[in-house]
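Only one structure is covered here, and it is reproduced in the block below.
The values are calculated or read from the model by the stated rules, or taken from the named source; none is laboratory data. From a predicted model like this one, the values you see are computed outputs, not experimental measurements. Quick reminder, even Gly has a Cβ in these numbers, built from the backbone with ideal geometry, and neighbours come from all protein chains shown.
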C-alpha cells in the first residue's frame, strides 16, 4: 500500500493528484485543502481518493507534496516538523531559497525534502482548472540542498511519469532566473493594468484595448495571493531585476525625449533578435519531444 | 472603371488589397511598394492587379490608401500634394494627430483625407502574413478633421465591407487612448526583452522563460521600424502614459521594499478586477457580432 498526500488542491496540486490517480502510481491519493468547497469538488470529480483535514495522514504517506502558496508551504513545513513520517517531502513553490530555509525546521527529515518547481503556471487557477496533462513536456526544476540523492532520484522519476522534463540547478540560480523571466513580467503586468484601471479614461482604455494590452491583462489575471507571496519571498532578486529594468526603461525614455532614432531602433531590433532566438529555442525544445 | 491604389504592401496594406480583389469592390487594385520583392510577391499571389512605381497612377484613382509606417505616410502626403486627383485619400497609421498635421499640405485635397486606424495589428508583419480576413470584427477608428462628410461616409462603408466595425473619435482622444493601451505596453515589452537579452545570464533566462515572459517576447516581435515611428510620433501622449506608469511602478516597488502586504494585494486584486471587467467587454463585443 503506497500513499500520496497533496496539500493544497489548486491548479498545480489538483493536477498532480488527478494524474497520479489516472496513472495509478499510488494505492491512495489523499487531499488536504483549507477550503471545504475545493476539497468536496476534488473528491466528487475524481481528483483525489480521500479528503482529509488532519495532517496525521502524513504519518503513513510515501510522498507528501506541498502545493499551496509559498507562505502556507512554510506554515505546513512547521507543522510537518512534529509528525513522525519517513515520507519524501516535496513542494511546487516558485521561489526556492526561502522555502529551503524554512524546511530546515524539519531536522532529520530535511534529508528527505526535495525542493521542486514545475513551470506550468497559467492565468487559470484553482481546482476547476485542473488538468492531468498540465505537466506534459513542461520543465520541472529541482533545487536539492542537503537532500539525500535517493530522494532526489525518486522525485525526478515521479515528475517524468507525469510527463515533465526534469532539470537540476542551485536554488540561488533558480531564484535569480525566475525573478527576471517570470516574477518581473508579472509585476509589470499587474502594475500596468492597475495603473490604467485607475486612470480617468479607464473605460475608454478598456473599450479600445489593443493587442499589446490584452497580453498584459492575461498575465495580470493570475492569482493575487500566490503572486503576493512570490514577490515578497523573492524580494531581493526581484528588486535587482526591477532595478536593471527601470534603468534600461529610463534610458529608453531619454532616447524618446531626445528623439534618438538610432538608440530606439537598436533597442527594438535587439529585442526582436532575442525574440527570434527564443522562438528557435522553443522550436528545438518541441522537436526534441 | 474604378481604381484603388494601396501604397505600402505590408500586413495591413496587403490584406486590404487582397480583400478588395476578392470582393471585387474595384475594377483595378494597384499596389506601390519600395521593396521590389514585396511587390513581386503581391503581384504573383493575387494580392494586387497591377504593380506600379509611379505615384502618377493616383491621378485616376478613386481611393488611395497609405499603408506604410508613419514617417513614410508623411513623405507620401508631401508627394500627393502635387498630384492632380479627386480620389479619397485615407491611411492606416497608429497615431493620428501628426498625420493630420502633415496632411494639411494637401490643400484643397485635405477635405478628401479621412484619417483611419484599423486595430488589427499582429506580431506578424509583411506581405507574407497577408490575410484577407484580417479586419473581420476588428475596430477601425476614423478621426476626421476638416474632412467632407461624404468622404468619411465612403470610408466608413468601405471598412464595413471589409468586415470591420467603424467608430469615430477625435484624433487627440485616439492618440491618448492608444498611448496607454498599445504604445506603452509595446514600449515596456521592447524594453524588458532588450534588457534581459543584455543580461549576463541571458542564455539561462531564455532557456527558462516562463509564461509571463513569453507574452512579452511575443509583443516585442513586432516590426521595429513601425514602432519606432509610432513612439516618436506619439511621443507626448506616450511620455505622459509612461510617467503615470513609472510613478505607479515606483509605489509598488516601495511597497515591496516595505513588505506592505495590503498595498500589494490591493494592487493585484484591482488588476484582476479590471481584467475580469475587460474580459466581459470582450465577450459582449463578440456576442454582438
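Points worth noting:
- The stretch A:165-178, residues that are more than 10 Å from every other protein chain (Cβ to nearest Cβ) and in contact with a strand residue (DSSP E or B) (Cβ under 9 Å, 6 or more places away or on another chain): A:165, A:166, A:168
- For residue B:21, the conditions (1) within 26 Å of residue B:96 (Cα to Cα); (2) part of a helix (DSSP H, G or I) are fulfilled apart from (1).
- Within the stretch A:86-122, being touching a strand residue (DSSP E or B) at 6+ places or on another chain (Cβ under 7 Å) and part of a loop (DSSP other than H, G, I, E, B) holds for A:87, A:92, A:93, A:94, A:96, A:115, A:119.
- Failed item, numbered, when residue B:31 is tested on (1) touching a helix residue (DSSP H, G or I) at 6+ places or on another chain (Cβ under 6 Å); (2) within 26 Å of residue B:174 (Cα to Cα); (3) buried (at least 24 other Cβ atoms within 10 Å of the Cβ): (2)
- For residue A:1: the one exception among (1) within 23 Å of the chain's Cα centre (by Cα); (2) at pLDDT below 95: (1)
- Complete set of residues in the stretch B:258-271 that are facing chain A (nearest Cβ under 7 Å) and either closer than 16 Å to residue A:231 by Cα or out of contact with any helix residue (DSSP H, G or I) (no Cβ under 9 Å at 6 or more places or on another chain) (or both): B:259, B:261, B:264, B:265, B:267, B:268, B:269, B:271
- Selection within the stretch B:231-241 - buried (at least 24 other Cβ atoms within 10 Å of the Cβ) and either within 15 Å of residue A:258 (Cα to Cα) or facing another protein chain (nearest Cβ under 7 Å) (or both): B:231, B:233, B:234, B:238
The rows are residues; the columns are (1) assigned to a loop (DSSP other than H, G, I, E, B); (2) surrounded by fewer than 16 Cβ atoms within 10 Å (Cβ to Cβ); (3) within 14 Å of another protein chain (Cβ to nearest Cβ).
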{"site": "A:134", "(1), (2), (3)": "yes, no, yes"}
{"site": "A:141", "(1), (2), (3)": "no, no, yes"}
{"site": "A:152", "(1), (2), (3)": "no, no, no"}
{"site": "A:163", "(1), (2), (3)": "yes, no, no"}
{"site": "A:180", "(1), (2), (3)": "no, no, yes"}
{"site": "A:187", "(1), (2), (3)": "no, no, yes"}
{"site": "A:196", "(1), (2), (3)": "no, no, yes"}
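- Given (1) closer than 19 Å to residue A:241 by Cα; (2) assigned to a helix (DSSP H, G or I), number of the condition residue B:226 does not satisfy: (1)
- Test: residue in the stretch B:98-110 that is closer than 23 Å to residue B:29 by Cβ and surrounded by fewer than 23 Cβ atoms within 10 Å (Cβ to Cβ): yes
- Answer residue from the stretch B:198-223, given it is part of a loop (DSSP other than H, G, I, E, B) and within 20 Å of residue A:139 (Cβ to Cβ) and is modelled with the lowest pLDDT among those: B:210
- Any chance residue A:158 is under 22 Å from residue A:42 (Cα atoms) and within 14 Å of chain B (Cβ to nearest Cβ): no
- Among the numbered conditions (1) away from chain A (no Cβ under 14 Å); (2) more than 28 Å from residue A:201 (Cβ to Cβ); (3) outside any helix (DSSP H, G or I), the only one that residue B:125 does not meet is (1).
- Number of the condition not met by residue B:276 [criteria: (1) more than 19 Å from residue A:183 (Cβ to Cβ); (2) at the interface with chain A (Cβ under 7 Å from one of its Cβ atoms)]: (2)
- Checking residue A:45 against (1) over 28 Å from residue A:233 (Cβ atoms); (2) touching a strand residue (DSSP E or B) at 6+ places or on another chain (Cβ under 8 Å), the condition it does not meet: (2)
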